[in-house]
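The values are calculated or read from the model by the stated rules, or taken from the named source; none is laboratory data. Computed from a prediction, not measured in an experiment: that's the story for all the values here. All Cβ positions, glycine included, derive from the backbone under ideal geometry; neighbour counts span all protein chains shown. Keep in mind that these areas ignore ligands, DNA and RNA; they rest on the heavy atoms of the full protein, side chains included. Shrake-Rupley method; radii C 1.70, N 1.55, O 1.52, S 1.80 Å.
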Amino acid sequence: MSIRIGVEEEFHILEVESGLLVPRADAVLRRLPRRNFTTELHQSTVESNSGVHKSLHALYTDLARTRRRLDAAASSLGLAVVAAGTAPLAPGASAHPTTDARYRHMVEKYGKVADEQLICGDQVHVDIPDRDTAVRVMCAVSGWLPVLLAMSASSPFWQGSDTGYASWRTLLWQRWPTAGPAGCFANGAEYDAAVRDLVRAGIISDPGMIYYDVRPSAHLPTLELRICDACPRVETVVLIAGLFRALVTEARGRLRAGGAWACEGRHEWLRGATWRAARSGLEGNLVDPESRREAPAPQVVRKLLARLRPALEAHGDWETVKPLTDAALADGSAAERMRRTAQEEDLLACVDLLIAETRGERRNRGPTSLGRSGAPSAGTERGRGHAPSAGTHGARPSFGPGAPEVIGR
């Protein structure tokens, strides 16, 4: 089995000393290949596009290498990059839109919703054979997506304050008119007709503004996961990618076994389940998609893992995903680590934590295991003002080169 995956990651650009967002994306991108990196709505954000991979190990190597290149480019300018849903110290006046006709239109039309789009997410693409299958699988996997959100939660702070949420990015993101759980569509033609209706109604300007938690890609033969916060640790990104691929694989198997597809239930509960995951991350209760009752997050996560074991084993991912899941539950969400650091020290220390984890460093921890093939070595802790060059990172495992194709917007 060789269902391929790819990842888009978004990163905040910060001034190292202050920890504040800075509109320096163009300067950073001039030091990077545009094939792999691009702009976003605001100049305080850059996006990376991975290669297309069959194995999680190859994806991990690609993402870790990409982060090193991005860190080196930012460091050469006295800046740092952070993978997190929100930057803890983003001030209210941080918006500096990218000079692009599409982005200018979004700022003019959507006002403060666009101004406050100072958030970063991760998108995972999984190969899908055709658009009809994509929209059917989209419905079939939707119930489990809040669990993946909880695993990614990394945005408890907004403009210097604790929001009380593990993923405040989710609440900001859901203000867009097409954000949130996807509906159920009979086939690709029905889905595409609904998108055209939204464009004709003037609600969105193009299909790229369909911001459902999961969607058929507007330009690639993939199903795209969009619900997750950006993740400080690259291992979390790999874990979510592996689980999402397994969800898609398991759903496709059920479709093949059952013939004609019928939606298993109404979707209204999904928005509440997403809110629950955004509120508490891995540290509270989630909505169990099978019983639709609240249950402790570790219990729901382990139920998902057990459900997906056959699909994970089919891809050779079980021995990677199982220990990464155990580590995620033991360490807690990034939101919890951020809160703990802020409580013990301050928000600048929280920013330092995010910078270190984005670089692949671990504070007062040994190496993290990624399956049988080894792991990144723990880096040395660095405070603000000590931005490393690309050559100062800990050793990385060699899992082989990625495929030449690149996931793009």
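Convex hull volume of the Cα atoms in segment 49-105, per residue, in Å³?
149 Å³
Distance between the pseudo-spin-label points of Asp115 and Asp326 (7 Å out from Cα toward the beta carbon): 5.0 nm.
Ranked from largest, the principal axis spans of the Cα set of segment 251-338 equal 46, 35, 17 Å.
Think of the chain as having a plus end and a minus end, set by charges on the Cβ of Lys, Arg, Asp and Glu; of Ala349, Val113, Cys139, Cys139 sits farthest toward the positive end of this dipole.
The convex hull defined by the C-alpha atoms of segment 168-252 has an orientation-averaged projected area of 6.5 nm².
Based on the alpha-carbon gyration tensor of segment 283-333 and its eigenvalue square roots a ≥ b ≥ c, which shape applies: rounded if a/c is under 1.5, prolate if not and a/b is larger than b/c, or oblate?
Numbers: a/c = 4.25, a/b = 1.40, b/c = 3.03.
It comes out oblate by the Cα gyration axes.
Neighbours of Arg196 by Cβ distance under 13 Å: Lys/Arg scored +1, Asp/Glu scored -1, total -3. Using only the C-alpha atoms, the convex hull of segment 117-168 corresponds to 98 Å³ per residue.
Note that segment 216-227 has calculated 3J(HN,Hα) couplings of x, 4, 6, 9, 10, x, 9, 9, 10, 7, 10, 7 Hz, one per residue in order, obtained from phi through the Karplus relation 6.51 cos²θ - 1.76 cosθ + 1.60 (θ = phi - 60°); glycine and proline are x. Bridgeable lysines around Lys322 (alpha carbons under 16 Å apart, same-chain partners fewer than 8 residues away excluded): Lys303. Once you reduce segment 326-355 and segment 42-106 to the center of their Cα atoms, the two points are 20 Å from each other. Extent of segment 30-132 along its three principal axes (Cα atoms, max minus min coordinate, largest first): 44, 41, 25 Å.
Which whole-number percent of Cα pairs in segment 2-83 have a distance greater than 18 Å? Everything past 18 Å amounts to 39 percent. Based on protein heavy atoms only, the chain ends up with 37 Å² per residue of surface accessible to a 1.4 Å probe. A simple spin-label model places pseudo-atoms 7 Å from Cα toward Cβ; at Arg254 and Asp162 they are separated by 3.8 nm. Return the carbon/sulfur percentage of the accessible area of segment 166-294, one whole number, probe 1.4 Å, all protein chains in place. Roughly 53 percent, rounded to a whole number. Under the classification rounded if a/c is under 1.5, otherwise prolate if a/b is larger than b/c and oblate if not, where does the chain fall, given a ≥ b ≥ c as square roots of the Cα gyration tensor eigenvalues? Verdict is rounded for the chain. Taking the average, over residues, of other Cβ atoms within 10 Å as the packing measure, peptides 150-162, 324-336 rank 150-162, 324-336 from highest down. Ala230 sits among other residues whose Cβ lies under 9 Å from its own Cβ, and their net charge, with Lys and Arg +1 and Asp and Glu -1, is -3.
What's the whole-number percent of alpha carbon pairs in segment 182-300 lying beyond 23 angstrom? Value for segment 182-300 (Cα pairs over 23 Å): 42 percent.
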